[in-house]
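These notes are about the structure you will find just below.
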């Protein structure tokens, strides 16, 4: 995997003078920030640096993780260009370094030391999130652990694949190593927060830990205890059921006696707790005849005092904004805050305040960002009706508070109305298996690969077997089907997709995802009016869903409104800072359609795993910018990926409503040499 010779030249005075290197303590270490946990990103003085190619990102990731070590060029060429001849591979490495220097501009020489035989990343020359996580895993410092936990937003170099076996094998091993490091950090935080009585934080970190390793039975038990300590016995027993399911599916095993004993004790406590509740029936307030909610005080996570003020202010503003809506019943702030001091059980709070729903949340401040998590809870069952996370840069704290309050308020108002309207018609799954399979499917659908979609479909089909009257698996099958169709564009493929969506709506007409899926399907079936109808319904049912916003942008582009479409796609990226990488494709398409070719190229270049259509778009945009060689390069890549590609086929899946716009768009491909 490369030479292990330690890099000594970084402290050699002559080398510093000859190569213009700064010391690790210099300004470069303060300017450059590299994030590898999740999609690779690099910033300089807060501004993003676009890395031009996947191989370049792979090279940076490898060098950074082995900072301070001189790595033989032959090792790097074997890892990243193993199928090429030695001369071709070395030339490719030189070209990639040249691209990196162009992207990093004047900082490149301070980050990478290049000799004729080796390359090395200068240690201490940049802030690196993966190194922060490594250090925290062996630390006992609470602040270091919390900082590291904030940094874990995805897999190491998420979404990156270069198609070289050596690199992929190394990356799999490194991803597992960093997953275990993250587990270590979360485990320490669970133990510390539980010991100090911070139950909500302990739950937060415990759920994070299980998302990385769901087979840790002792963590399931910890969560069961934490829920029980909050008086949430139903949630504790639901956690037991999840534990039992995952052990059976993954290990063909049952929970051990300690876990079973804890579940038995929880059932007894829950039965005992219902006795006094029956005696207090007369104390319950009657539920109003309209959607009702109480906003509870939000929880500040961490010691930052401003987070506490912000948390209280957001909850107060949400209460005020919701109260403006005459179709809602909203409990006054004083009452909801007072009741929350003495109660944590949603059912008890609902009984005392006479509401069907409560809104809870937490606020965490990290450096120059604030993260707000919001949860809408059904009082009768204690389960979530809706949840969202908002990640914002800190500027004017008061303006930020109002902005988030208004966004949350708009979403909650729409969600409460939809829930009330659907209360008698919408049907919950008859058994836990159906819901569990839907949850598993959603996990795989978020990865946006054909292999993951195949797994998701199997789970959705099992959900339908478990409960044929449950709408959600049909709507997700429709959504998966239309995205899967993008890869092969098989004739007649959308007919089956439409049937799934119509089935979902026959079971629950208030499923926003079903309307979204049908909207996309009708669009690509050239039924523009039906597409508009379903998109309008989806937006009404869930106006803050980033996927709906992004796909709405696609629709507007095809309706000859690319500028409006671009605004919607960018709104989707604001709603979800950790959005799927392919949102850049939609942004590039809107810019391409509008004739803003340079900006379109910048968007397309940010796609981690370009599909064949991406290569076609890049070829067309480069051709329109007069770069015939770059256009030819992308045409060649297109032919490698889809030798049968013809513009006539492509034309059939571009549902522009205005035929003149379609022809102008197709002319950009013809200029690149892509013909019918």
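Residue-by-condition table, conditions (1) out of contact with any helix residue (DSSP H, G or I) (no Cβ under 6 Å at 6 or more places or on another chain); (2) touching a residue at least 40 places away in the same chain (Cβ under 8 Å):
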site: 621; (1), (2): no, yes
site: 625; (1), (2): no, no
site: 628; (1), (2): yes, no
site: 631; (1), (2): no, yes
site: 646; (1), (2): yes, no
site: 658; (1), (2): yes, yes
site: 667; (1), (2): yes, no
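Scan segment 58-69 and tell me whether some residue there is surrounded by fewer than 20 Cβ atoms within 10 Å (Cβ to Cβ), in a strand (DSSP E or B) and over 30 Å from the mean Cα position of the chain (by Cα). Checking segment 58-69: at least one residue is surrounded by fewer than 20 Cβ atoms within 10 Å (Cβ to Cβ), in a strand (DSSP E or B) and over 30 Å from the mean Cα position of the chain (by Cα).
Okay, residues lined up against (1) crowded, with 19+ Cβ neighbours inside 10 Å; (2) within 24 Å of residue 620 (Cβ to Cβ); (3) modelled with pLDDT of 80 or more; (4) not assigned by TED's automatic domain parsing to the domain that holds residue 613:
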position: 493; (1), (2), (3), (4): no, no, no, yes
position: 521; (1), (2), (3), (4): yes, no, yes, yes
position: 525; (1), (2), (3), (4): no, no, yes, yes
position: 537; (1), (2), (3), (4): yes, no, yes, yes
position: 556; (1), (2), (3), (4): yes, yes, yes, yes
position: 560; (1), (2), (3), (4): no, yes, yes, yes
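Suppose the filter is free of Cβ contacts under 8 Å to residues at least 60 places away in the same chain and under 23 Å from residue 526 (Cα atoms); does residue 594 pass it? Judged against the criteria, residue 594 is a match.
Restricted to segment 562-582, and to residues that are over 19 Å from residue 391 (Cα atoms) and buried (at least 17 other Cβ atoms within 10 Å of the Cβ), which residue is modelled with the lowest pLDDT? Restricting to residues being over 19 Å from residue 391 (Cα atoms) and buried (at least 17 other Cβ atoms within 10 Å of the Cβ), the top hit is 582.
Hey, does segment 164-177 have a residue that's within 21 Å of the chain's Cα centre (by Cα), within 27 Å of residue 606 (Cβ to Cβ), assigned to a loop (DSSP other than H, G, I, E, B) and in contact (Cβ under 8 Å) with a residue 60 or more places away in the chain? Looking through segment 164-177, none of the residues is within 21 Å of the chain's Cα centre (by Cα), within 27 Å of residue 606 (Cβ to Cβ), assigned to a loop (DSSP other than H, G, I, E, B) and in contact (Cβ under 8 Å) with a residue 60 or more places away in the chain.
So which helices (runs of 4 or more DSSP H) stay within segment 285-358 end to end and still have 2 or more residues that are modelled with pLDDT of 75 or more, in the same structural domain as residue 382 (by TED's automatic domain parsing) and surrounded by fewer than 22 Cβ atoms within 10 Å (Cβ to Cβ)? By residue number, 346-353.
Does residue 99 qualify as being in a helix (DSSP H, G or I), modelled with pLDDT of 90 or more, within 32 Å of the chain's Cα centre (by Cα) and within 17 Å of residue 62 (Cβ to Cβ)? Answer is no for this residue. For residue 131, are the conditions met, namely being assigned by TED's automatic domain parsing to the domain that holds residue 40, out of contact with any strand residue (DSSP E or B) (no Cβ under 6 Å at 6 or more places or on another chain) and part of a loop (DSSP other than H, G, I, E, B)? No, not satisfied.
Here residue 640 passes the criteria (1) surrounded by fewer than 17 Cβ atoms within 10 Å (Cβ to Cβ); (2) more than 27 Å from residue 158 (Cα to Cα) except the one numbered (2). Total residues in segment 198-237 satisfying the condition of being touching a residue at least 60 places away in the same chain (Cβ under 8 Å) and more than 23 Å from the chain's Cα centre (by Cα): the figure is 5.
Of all the residues in segment 152-183, those that are more than 19 Å from residue 80 (Cβ to Cβ), surrounded by 17 or more Cβ atoms within 10 Å (Cβ to Cβ) and modelled with pLDDT of 90 or more number 4.
In summary, residue 20 fulfils each of the numbered conditions (1) at pLDDT below 50; (2) on the phi < 0 side of the Ramachandran plot; (3) surrounded by fewer than 15 Cβ atoms within 10 Å (Cβ to Cβ) with the single exception of condition (2). Can you confirm whether residue 563 is more than 23 Å from residue 41 (Cβ to Cβ), free of Cβ contacts under 8 Å to residues at least 40 places away in the same chain and not in a loop (DSSP other than H, G, I, E, B)? So residue 563 fits the description; yes. Considering only residues that are over 24 Å from the mean Cα position of the chain (by Cα) and at negative phi, which ones fall in segment 511-535? Hits for segment 511-535 are 522, 523, 524, 525, 527, 528, 529, 530, 531, 532, 533, 534.
The values are calculated or read from the model by the stated rules, or taken from the named source; none is laboratory data. Bear in mind the structure is a predicted one, so any value in this text is a computation, not a measurement. So basically every Cβ, Gly included, is an ideal-geometry build from the backbone, and we count neighbours across all protein chains shown.
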